[in-house]
Amino acid sequence: MLLGASRDEGVNIGAAAEELHIAHNSVVGLSQRAEQAGLLTRVSAGGRRQGTTLHLTELGARRLDEVTRTLITELAGDRLLLVETLSRWNTVLAARGLAPGGAARGGDARYGVRRALAPDKPLVWHLLQLYLHELSPLLNAVPDERGQYGYPAFDAYWGGEGHIPYLFHAEERPAGFALVRRRADKPGPWHVLEEFCVLRPYQGQGLGAALIGEVLRRHPGRWSVASLQRNPFTHHFWEYVLPRHAAAPPVSEPDETRPEVTHFTFEVSIPAARA
């Protein structure tokens with residue numbers, strides 16, 4: 001109130017009491033202590049009817065600015081905590097098919113996964129561009145001179161051995177994609193989920209949890225999934241969803257060269273997988 005008031009007009013004590021929802025006498029007592037501390041001055045309007053107005057001093061304005069900055073910093077921290085908590089609950093609800101807007105269930109013919117073929121390459125590239133653009137603030141990525149985000153490994157998914165692209169559909173429309181790579185340097189079947197994207201209109205409906213289950217079940221064996229910790233929604237998604245499809249609890253470890261990345265390692269077996 002004092003910051004918003006004109007230096008000449010100040011704030012009337014009666015108006016301050018009404019705005020703060022406290023007694024008139026309480027404002028009088030507070031203003032007296034603030035005046036003693038040199039934070040404001042009280043100016044009588046010349047009579048009881050006109051009342052007394054409060055004016056910030058230079059010291060009071062500086063102190064109020066300091067307190068305001070401190071509160072803004074604290075509220076920003078609380079906001080991040082709130083966003084992270086809401087993100088975690090939204091992930092749990094979506095994976096259980098309880099999020100608002102309906103849920104995608106495994107086996108629903110309107111939603112599905114299929115192997116992407118050569119004619120699908122332009123479509124997957126377009127979806128990949130949408131995905132990379134959404135992640136660009138987290139990856140500090142900028143488009144090239146053509147307005148596209150680079151992805152050097154993309155061509156390997158169209159004829160390269162051990163690279164498997166998938167397309168997701170929702171009611172006959174593209175809903176996302178996944179890029180899976182087989183590790184040739186590890187014994188037995190070992191797959192890496194390089195990219196997983198569900199387009200924004202289909203998020204929060206349980207669709208992602210159902211689709212990742214379909215992808216994982218197509219490749220029993222060992223799996224690795226990387227998660228960027230700066231993306232709390234995705235990180236919580238993997239923390240909740242992967243144990244539902246793993247034969248044993250996934251092991252999470254930080255990347256040796258990129259501590260902001262967490263790797264989830266687990267095994268998928270057909271009998272133990274759950275939709």
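Just so it is clear, none of the values below were taken in a lab; they were calculated from the coordinates. Keep in mind it's a predicted model, so treat the numbers as computed, not measured. As a convention, Cβ positions derive from the backbone with ideal geometry for all residues, glycine included, and neighbour counts pool all protein chains shown.
E195 sits among other residues whose Cβ lies under 13 Å from its own Cβ, and their net charge, with Lys and Arg +1 and Asp and Glu -1, is -1. The residues neighbouring L59, those whose beta-carbon lies less than 12 Å from its own, together hold a net charge of -2 under the Lys/Arg +1, Asp/Glu -1 convention.
Between E18 and T68, the modelled label-to-label distance comes to 2.4 nm, taking each label 7 Å out from Cα in the direction of the beta carbon.
Placing dummy labels 7 Å off each Cα toward the beta-carbon, the span from S26 to E253 is 5.9 nm. If the segment from A37 to L130 were pulled out straight at 0.36 nm per residue, it would be longer than the present Cα-Cα gap by 27.8 nm. Given their separation in residues at 0.36 nm each and the Cα-Cα distance between them, R114 and E260 gain 49.4 nm when the chain is fully extended.
Could you tally the net charge around R183, taking each other residue with its Cβ under 13 Å from the Cβ of R183, Lys/Arg +1 and Asp/Glu -1? Don't jump to the answer; show the numbers that get you there.
Details: positive: R181, R182, K186, R222; negative: E161, D185, E194.
Local charge sum for R183: +1.
Computed from label points 7 Å out along Cα-Cβ, the spacing between L138 and R173 is 2.4 nm.
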